[in-house]
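Contents: one structure, followed by commentary.
The values are calculated or read from the model by the stated rules, or taken from the named source; none is laboratory data. Just so it is clear, the structure is predicted and the values come from calculations on it, not from any experiment. Ideal geometry is used to build each Cβ from the backbone, glycine not excepted, and the neighbour counts take in all protein chains shown.
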Amino acid sequence: MIVLEKRAEPSRLWAFLAPVVAIAAAGLTGAVLFALLGRDPLLAMWTYFIEPLTSAWSLEELAVKATPLALIGAGLALAYRANVWNIGAEGQLVMGAIAGSAIPILLPEWNDPLALFVMLALGLAGGAAWAAIPAFLKVRFNVNEILSSLMLVYVAQLFLDWLVRGPWRDPMGFNFPKSVSFTDWHVLPAISGRVHLGALLALLAVAGLWLLLRRARMGFALKVMGSAPRAGLFGGFSMAQACWISFLISGALAGLAGICEVSGSIGQLQPSISPGYGFTAIIVAFLGRLSPVGALFAALLLALTYLGGEAAQLALGLSAKVTQAFQGMLLFFVLAADVLVHYRLRLQRREAKS
Amino acid sequence: MSINRRETLKLAAAAGLAAGTGLGLSSRVFAAEPLKVGFIYVGPVGDHGWSYQHDQGRQAIEKALGDKVKTSYLEKIPEGADAERALERLVRSGHKLIFATSFGYMDTVLKVARRHPDVFFEHATGYKRAKNVSTYSSRFYEGRYIIGRIAGKMSKKGLAGYIASFPIPEVIRGINSFLLGARSVNPDFRIKVIWVNTWYDPGKESDAAKVLISQGADIITQHTDSAAPMQVAEEKGVYAFGQASDMIKFGPHAQLTAIIDNWAPYYISRAKAVLEGTWKSTDTWGGLAAGMVKMAPYTNMPDDVKKMAMETEEAIRSGKLHPFHGPIRDQQGKLRVKEGEVLSDKDLLGMNWYVEGVDDKLPK
């Protein structure tokens, strides 16, 4: 019988090996799956993992797709470290996008570089403000933040829906639910191709959070409150403070992701601005082992699976369901393999019962 | 989902065709590379509604043009940044004719089209065109007038339940057309509208159908894409109309008819145009006459109603009857269309008011 035995110390070796083993296992299972569907497994794997990395165009697309995931995922990693469960990043993304879009929609004439700066600031503020609601409810009334933050996602989405169908609808748009297109002054400048300034902001955010967790007293306080709250209380840290900081930072970053997505990639407000980045980022945070730098790599991996899935649909004629199933398998293996960092497998002879 | 249109590039089409031959000439004499036609769908092809019907159109291209074309598709592409990548991917893998089959792709299509002037784009249900971007849609409201008339005859209570998606002109036009049709045979006919704010959500759609039936509606019609309302109608023993595709297998006793989106004729003609080098940016809005809207067989109704339905269909097809012919008053009683006149396409496309008798308020 195989048993799991807790390691005294997390294994350094397995910390590196786990993702490798996971990708190999996923590749093997995927190969069987694709072979059963009558596709060349090697070609499938190449299309999925390698092809997207072989052209400048798709590397840019990778960065575009990973940008919101990294921004949100890094913030969530920090919150989850502190044992604060912000599940509502999707709603904070939407509110950030709305707040930032107020400039191009209400003040389209404001055409100077400062406008863009204010948009980004409003994006941060919008996300943080929306995240402040579950934080307040938690601290003041001990309302479960998982539920309150999640429910507020739907409120935010419906608010956006109402705005673009009503007051913020493009008056020249035949009543269709879209805002005016942003002018060039309100669009994030491109770095290369479709990669916009948001990618750089994501890198800065990851670096900033890394420093915060590594070097700052505040980061230390968050980690302690997450892993040993009683010890933290004795150390003079406060639960309420950890909750506020976690929500405000993760919310602000989600809001920033929202305004970057709208301003950098879409160019106007519309009823749906995110295919669930705020929820996918929860996976990103865990995939990155709740570290901001890990979240960056996890975001890139996840973005790769989206791109690879599309490439496979086209090159191999696979349905989106199959490519999504494979993405699910991959995430499952990666998260499962992480068990080996903290546990070891041991073969145990079943002892005869007397 | 949808609206569309327009304008011109013969040279590029010819170039696209010629490009294939070059190197391969020695091995495959005279066999030009097939024209690659790409599609992006907002839903899964298995939705039995909107995306499904577009995919039927794609398959029809392959059937009609054989090895002169090769088609592929990307499904479940969200409207937004992902659509741009999907379109770009189709372009980069050699597709020269690309159909973007949802309204929300509009500005993305234009953006990508600007970068690739040698590729032809077709956008369903939008209203922005460019030299290499056409738009197309169907006059579904013609079908809605017919089902309205059937409902007017078949409903014992004179009350239909209407499951609506989003208050855009397309949907408002459908509600108006349905009620005008129903009132042409039963002047007291009423409808109850429920907005589900989704194009496709079987759970929400079936809840809405149940609510409408419990409020007394004995006929259900929908402007959403799943077959769930039809299944509810079958279960509760009321009538319903199929949407987008023939849903008779989901409601063998409930379906009176269905408004079928038939994209095949348009898709085939556009692919042919590229092959022949005659593709132009156009704005197509075709209905029964163009074969873009089709009615499923009229079932579960007495012969006289069936006869009336078929006559109505014929009258619309031949142009004798326009669903929006005057006099038409709006909810406030203001005369919108005078006796002897019909509503213009421009007014139809931007419709944001209800006709007299709709018991619902438009979100402003």
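Only one entry in A:LEU209, A:LEU163, A:LEU233, A:LEU248 is in contact with a Pro (Cβ under 6 Å, 6 or more places away or on another chain) and either assigned to a helix (DSSP H, G or I) or buried (at least 19 other Cβ atoms within 10 Å of the Cβ) (or both), namely A:LEU209.
Go through the stretch B:59-89 and count every residue that is over 24 Å from A:VAL262 (Cβ atoms) and either at the interface with chain A (Cβ under 7 Å from one of its Cβ atoms) or in contact with a Gly (Cβ under 8 Å, 6 or more places away or on another chain) (or both). Spell out how you get there, then give the answer.
Filtering the stretch B:59-89 for residues over 24 Å from A:VAL262 (Cβ atoms) gives B:59-73, B:75.
Checking the rest, the ones that are also either at the interface with chain A (Cβ under 7 Å from one of its Cβ atoms) or in contact with a Gly (Cβ under 8 Å, 6 or more places away or on another chain) (or both) come to B:71-73, B:75.
Result for the stretch B:59-89: 4.
The set of residues in the stretch B:131-154 that are surrounded by fewer than 21 Cβ atoms within 10 Å (Cβ to Cβ) and either in a loop (DSSP other than H, G, I, E, B) or modelled with pLDDT under 95 (or both) contains only B:LYS131.
What about B:VAL133, is it within 11 Å of another protein chain (Cβ to nearest Cβ) and of a type outside the set (S, T, N, Q)?
Criteria not met by B:VAL133.
Exactly one residue among B:SER226, B:SER269 is at pLDDT below 95 and not hydrophobic (A, V, I, L, M, F, W, C), and that residue is B:SER226. Just one of the listed residues (A:LEU152, A:LEU107, A:LEU78, A:LEU116) is more than 21 Å from A:LEU201 (Cα to Cα), hydrophobic (A, V, I, L, M, F, W, C) and buried (at least 21 other Cβ atoms within 10 Å of the Cβ), and it is A:LEU152.
Scanning the stretch A:273-318 for residues that are among the hydrophobic types (A, V, I, L, M, F, W, C) and within 14 Å of chain B (Cβ to nearest Cβ) yields a total of 12. When the test is whether a residue is more than 14 Å from chain A (Cβ to nearest Cβ) and either more than 25 Å from B:PHE166 (Cβ to Cβ) or out of contact with any Asp or Glu (no Cβ under 7 Å at 6 or more places or on another chain) (or both), B:TYR145 passes it.
Residues to consider are A:GLY166, A:GLY236; find the one that is within 14 Å of chain B (Cβ to nearest Cβ), out of contact with any Leu (no Cβ under 9 Å at 6 or more places or on another chain) and without any contact (Cβ under 8 Å) to a residue 60 or more places away in the chain.
Only one candidate qualifies: A:GLY166.
Every condition in (1) touching a residue at least 40 places away in the same chain (Cβ under 8 Å); (2) in contact with a Leu (Cβ under 7 Å, 6 or more places away or on another chain) is met by B:SER72 except one, and the failing one is (1). Of the residues in the stretch B:310-346, how many are crowded, with 16+ Cβ neighbours inside 10 Å and either touching a Gly at 6+ places or on another chain (Cβ under 6 Å) or within 14 Å of another protein chain (Cβ to nearest Cβ) (or both)? Matching residues across the stretch B:310-346 total 1.
Taking the condition in a loop (DSSP other than H, G, I, E, B), surrounded by 24 or more Cβ atoms within 10 Å (Cβ to Cβ), within 12 Å of another protein chain (Cβ to nearest Cβ) and not hydrophobic (A, V, I, L, M, F, W, C), does B:GLY94 pass? Spelling it out, it is not the case that B:GLY94 is in a loop (DSSP other than H, G, I, E, B), surrounded by 24 or more Cβ atoms within 10 Å (Cβ to Cβ), within 12 Å of another protein chain (Cβ to nearest Cβ) and not hydrophobic (A, V, I, L, M, F, W, C).
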